[in-house]
């Protein structure tokens, strides 16, 4: 997985360098806009570059925020500004350097987050199909694994420790706020009922909150 990410960085950087080189120019330098006929090619590269940056960074990182700022720039609604292509190429190059030095997300958490997201997608399908029990069981397993992974990431031992205790430890380490911990404990309560087949103790809305709450933890803490 790590090798594939490095290879993808290199591929997109090579492609980006070529795109920057081919940006329309006049006697004063780069022209402000990509030509209309070239927009699909440049848009495709922007989408791939931004996706890779989002995969290897956290939402509160400079790279993630700058990437979003470029992609959602007000001028993007009128076409593709040449400056956006240049800046994204620079951002991608810098992100690759940080990634190669281990200063962004660790590969194990990238993989875990992707796997957990897949399981939650399946749980969401069950939820939309009003299959409360199936959705709850699947989302409950993801919640438990996610909390354990977040704990390990922050130096908290998980062997023989209950989910509730792990949540408390994450509060003590200022990873979870008290407000966040209350929401997570609410989701954990649904998980406990599901594991004990206490189906009458929760409803389909509770399962939806469990799925959304678990996804938030993955996006924010892994």
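The values are calculated or read from the model by the stated rules, or taken from the named source; none is laboratory data. All figures in this text were calculated on a predicted structure; none of them were measured in a lab. Every residue, glycine among them, receives a Cβ derived from its backbone with ideal geometry; neighbour counts consider all protein chains shown.
Tabulated data
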item	result
Per-region count, the range 115-133, residues surrounded by 13 or more Cβ atoms within 10 Å (Cβ to Cβ) and in contact (Cβ under 8 Å) with a residue 60 or more places away in the chain	8
Residue check for residue 136: touching a helix residue (DSSP H, G or I) at 6+ places or on another chain (Cβ under 8 Å), surrounded by 17 or more Cβ atoms within 10 Å (Cβ to Cβ), in a helix (DSSP H, G or I) and touching a residue at least 24 places away in the same chain (Cβ under 8 Å)	yes
Residue among 179, 190, 184 that alone is at negative phi and exposed (fewer than 12 other Cβ atoms within 10 Å of the Cβ)	179
Of the criteria (1) surrounded by fewer than 20 Cβ atoms within 10 Å (Cβ to Cβ); (2) in a helix (DSSP H, G or I), which one residue 143 fails	(1)
Qualifying residue in the range 2-22 (condition: in contact with a helix residue (DSSP H, G or I) (Cβ under 7 Å, 6 or more places away or on another chain), buried (at least 18 other Cβ atoms within 10 Å of the Cβ) and not in a helix (DSSP H, G or I))	no
Flag for residue 37 being over 13 Å from the mean Cα position of the chain (by Cα), part of a helix (DSSP H, G or I) and more than 30 Å from residue 114 (Cα to Cα)	yes
Pairs where the first residue, in the range 42-71, is assigned by TED's automatic domain parsing to the domain that holds residue 23 and the second is surrounded by fewer than 14 Cβ atoms within 10 Å (Cβ to Cβ), C-beta under 7 Å, 6+ apart	59/219
Any hit, the range 157-173, residues being assigned to a loop (DSSP other than H, G, I, E, B) and either closer than 21 Å to residue 61 by Cα or touching a strand residue (DSSP E or B) at 6+ places or on another chain (Cβ under 6 Å) (or both)	yes
Selection status of residue 155, surrounded by fewer than 16 Cβ atoms within 10 Å (Cβ to Cβ) and closer than 28 Å to residue 55 by Cβ	yes
